[in-house]
1. Out of (1) farther than 13 Å from residue B:318 by Cα; (2) of a type outside the set (A, V, I, L, M); (3) at pLDDT 95 or above; (4) surrounded by 23 or more Cβ atoms within 10 Å (Cβ to Cβ), the odd one out for residue B:144 is which?
2. All but one of (1) of a type in the set (Gly, Ala, Ser); (2) in contact (Cβ under 8 Å) with a residue 12 or more places away in the chain; (3) open to solvent by 10 Å² or more (accessible area, probe 1.4 Å) hold for residue A:118; state the number of the condition that does not hold.
3. Look at residue B:489 and say whether it is under 28 Å from residue B:13 (Cα atoms), outside any helix (DSSP H, G or I) and either without any contact (Cβ under 8 Å) to a residue 60 or more places away in the chain or among the aliphatic types (A, V, I, L, M) (or both).
4. Quick check on my filter: what residues within segment A:6-55 are over 18 Å from residue B:258 (Cβ atoms) and open to solvent by less than 20 Å² (accessible area, probe 1.4 Å)?
5. Report the residue count in segment B:431-446 for those that are buried (at least 23 other Cβ atoms within 10 Å of the Cβ) and either away from every other protein chain (no Cβ under 11 Å) or charged (D, E, K, R) (or both).
6. Pairs, please: C-beta under 9 Å, at least 6 apart or cross-chain, first residue facing another protein chain (nearest Cβ under 7 Å) and in segment A:13-27, second of a type in the set (Phe, Trp, Tyr) and open to solvent by less than 60 Å² (accessible area, probe 1.4 Å)?
7. Against the conditions (1) open to solvent by less than 10 Å² (accessible area, probe 1.4 Å); (2) outside any helix (DSSP H, G or I), where does residue B:374 fall short? Just the number, please.
8. Out of the residues in segment C:86-109 that are within 14 Å of chain A (Cβ to nearest Cβ) and part of a helix (DSSP H, G or I), state the one that is farthest from residue C:8 (Cα to Cα).
Amino acid sequence: MPYIPHTPNEVKEMLRVIGADSINDLFDEIPQELRTDISAIPLGKSEMAVQRQLSEKSNIDGTPLCFAGGGAYEHHIPAALWQVATRGEFYSAYTPYQAEASQGTLQVIYEFQSMIASLMAMDVSNASLYDGASGLAEAVLMAVRANRKAKSKRILMPKSVSPVYRQVVETIVKNQGITLDLIDFELTTGSMDPLSVKNQFNNDEAFAALVIPQPNYFGSLEEVHQLTDWAHEQGGLVITQVNPIAMSLLEAPGNWGKNGADIAVGEAQPLGIPLSSGGPYIGFIACKQKLVRQLPGRIVGRTVDLDGKPGFSLTLQAREQHIRRSKATSNICTNQGLMATAVTMYLSFLGTDGMQKVAASCVANTQKLMALLEESSVIQFPFGKTVFHEFVVALDVPVELVLERLAEEDIVGGINLCLQQTNQQAADEHKNHLLICVTETKTEEELQFFSNTLINICSDISSQSSSEGEQK
Amino acid sequence: MSKRIVEQNADTLIFELSDQTRRSTSLAPDIDVNEVCLELPDHLQRKKTLELPQVGELQVLRHYTRLSQKNFSIDTHFYPLGSCTMKYNPRVCNTLAQLPGFTSRHPMAHASMSQGVMSCLFDLQTMLKEATGMKQVSLTPMAGAQGEFAGVAMIRAYHDNNNDTQRSEIIVPDAAHGTNPATAVMCGYKVKEIPTNEHGDIDIEALEKIIGPQTAGIMLTNPSTLGVFERKIKLIADMIHKAGGLLYYDGANLNAILGKVKPGDMGFDVIHMNLHKTFSTPHGGGGPGSGPIGVSERLQPFVPVPIVGHSDKKGYYWITEEELPLSIGRLSAWMGNVGILLRAYIYALLLGRDGMERVADFATLNANYLLKRLMAADFEMAFPERRASHEFILTLRKEMKEYGTSAMDFAKRLLDYGFHAPTTYFPLLVPECFLIEPTETESRADLDAFVETLIKIREEAEQSPDLLKGAPFELPVRRLDDVKAARELDLNFYYSEA
Amino acid sequence: MSDIPKELKYTTSHEWVRTEDDGSLTVGITEHAQGLLGDMVFVELPEVGDDFEAEQDCAVVESVKAASDIYCPIEGQVVAVNEELEDSPEQINVNAYHEGWIFRIQPVNASHIDNLMGADEYAELVESESH
């Protein structure tokens, strides 16, 4: 029997100890009318048969050339990383409740917290959240709790934050009376203009926090210093939603403006975690020391044992749901432990120098692709070219058609921004906008190939539609 | 775990192996960083130095391999952690979920390039529907707590959609897991606790008194967190439904009834499943989990998106807000923890219906065997007259009174003998308790060894209680100072408050 | 039996209340409560100037085992908080009735203090809860 080691004799002997005639007798407290079966599920299969079936499924999807980002990024993953991370002692352990039997996991998380805090230039980090999107929701809840002075449940949310992230935040916070007021981006840059933000919201009603993305959803860079200082002047906290790879070259949230941002969240998937259709990923959240008791989720601290020897344990647990129940900071219990282990190893393998080189290579490759695309007259850059590793192009043909044609060439060509929007006005703002991402994984040849293919497909569709127009 | 290996690596942090002038990685492209930075606006560039560890590849690998050796895990130890279902995670699930077609798929890849993975997710939805008796399943919640959130948010959306807005309370048994009340509050509800009677069942009279037009719903686990099956579940369901409320099923203990009873048949309107428990996806040192939800017909319009649909014309496709305008919305940027869903799918294929029925059979056999053997050895059970489900509660209050040794002391001493401790001090209702869940994948020999060890520890408690109070002695560290940890917070190597 | 000073008033949620010469009320948690909670690790204080109603939660004391709300015994405005507790919360364990005070309020109506329990009544409550 798969995964069940009992011999027939053992079963017999165990039933004798229990004093039951059959295993079925052990279910005698369940009312008979509730007993049922699951006949619609097929019978079990051998490992070999399942392997064959799954290999076929995997082969159907293949490994296309990928130029999509939008919150999920393809980066090189060190070969050693998942070999160590999936060691049974990491893979099949649970939340470190018994600290003495979990020092491995606990120390890894302490190192994770230290590295995330360092990358964000913040004082403290937790042990991780589910993903970047739900992490942003937790940051919003945390800011409302922490900013007692503002007495406000209003959050200023830029439209340059990923639309799916905004939807997730909406889902999670709406039942608690929190409102998200949208901030427009400039149509020429794709990022917020601090002056117009000021004009729109100065001396307006109080807000608990302003969210600032960096780089933002369109790959553009925000004027983070001015925006941070403005929000603080208005009595609001600053939540930042940032890409961790970019933070090795771009100024980190803790150093923004005069006093630094208050809460930094984001998606740590770029740090060693495969694309995997969107999960499991890992959210991170870091903050200033004064907000530490509002941090949701698990936190590991360094302490000493009975003999005075250093060791690690979960701390600040009194805030959590298993003790504080209905008054907990969040209902989160387990987080993304294995992913945090992978991220910690990624940052250790790469180091400061490696991280900066990965980031620089992303920037350089992105600039190269933009230069290639610029040669074609059918491709425009509506938000300019001051970006990290993503940029928006405006095509003169429908993006959906272009992506379908690219798919036929086994290329994931990017993200159709128009389809991402939840209302018509926003969709119109992004008509024919395609969001393209380039990381360090792309070679010169691949950039050239993608550029040629994209330009050819656009011209092809454009000439087809004009010839169809002539026929009519 | 070898004590010698552990001690060689005693207190070293990765940061202490670092030298910022070291350049040894072949893992990043060779590029002139300063030259590239000219492309970025100067005032937005990082000015303060970043300090990540600079360590050689072998030294990093060795550091984390050694750290792993300081852990207990299912692969190395019996791990009877109640309510957590620490059973074998078949290695093949991990291997196949890491096939390149799965790991390299971008979440925004066109559906035409994603039929392989989408067909797996569609099949998983179908199997989970059948296993739980629910009408629709959404796979997006990324953990049990998120599944709970989705479930209660749907209950709220349902009442709101009926303009039934005076419903403000969620009923939760006092023995419930802490996430239940925390979730109800996140969804804007007040929590009403109901007591449990001396047999571990819900106090029906108390329930009757607090049900009313203000009742939005009730959150239950069955078998309950006390390790027994709630026999009056149909009556409770009728009472709640009659008052206009809905029933939420916490799937924490689904392992006990897989293939035997369906939450849908018990009358539940919404459930969440912990795939990291019942469907054996890895616990990973605390996540990632996966907490799909299932709903009855009346909650179908409200399920979180996306889910996977299928038609002959379109093949597999994403069902989103467009088709489900009343959906509570999105819980993750894309489709939840797909890599974990794949592992659960592979596990479900391997087991099939015959294997799933065996899960409940042998989880229950092992639990009842362990219960009877411990009773025969004179340990006190919280509910000795009841059948154990897949887990049961032992109380050490007698040992506390006679020897001054607490459940925590027993737990720590178990570690010395190479057993992970059961869940301690949960549920909160039973003093000095162990919640013990052996799972179906443990052999009789291991269960017997566990019993013998507990007997031995009780002898130690009688003869030399300090052996328990000072335990563990054989692990990389002894008991840790939690007060110091919380008072003098040290959460970051690079930062100290002083 | 833990120390229950005769001159203080008490709440069912285990706060003690002392009337000061200027008519303000000093609030803390009882010796019995600190014993139950164990080693204090953090105290979240209200802010001076905050108004609270009777039985409204206004502070949090946190031990390793539990975080527990402190309720305002009667309606009033916070006039002082014990900032010493921010650095040394263990003062609540050391001396719950003196150095371990938490905050001081100016009551809206001083006569409301009569609604609280006296020492004997509180002693009975502690006794009944320990069974």
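The values are calculated or read from the model by the stated rules, or taken from the named source; none is laboratory data. Remember, predicted model here, so these are calculated numbers, not experimental data. Glycine gets a Cβ as well: all are built from the backbone with ideal geometry, and neighbour counts include every protein chain shown. SASA here: full protein model, heavy atoms, side chains in, ligands and nucleic acids out. Shrake-Rupley method; radii C 1.70, N 1.55, O 1.52, S 1.80 Å.
1. Only one criterion is unmet by residue B:144, namely (3).
2. The single condition residue A:118 does not satisfy is (2).
3. Here the answer is yes, as residue B:489 does meet what is asked.
4. If the condition is that a residue be over 18 Å from residue B:258 (Cβ atoms) and open to solvent by less than 20 Å² (accessible area, probe 1.4 Å), then A:14, A:15, A:18, A:20, A:50, A:54 are the ones that fit.
5. Qualifying residue count, segment B:431-446: 8.
6. A:14/B:369; A:17/B:369; A:18/B:369; A:23/B:362; A:27/B:229
7. The number of the failed condition is (2).
8. C:87
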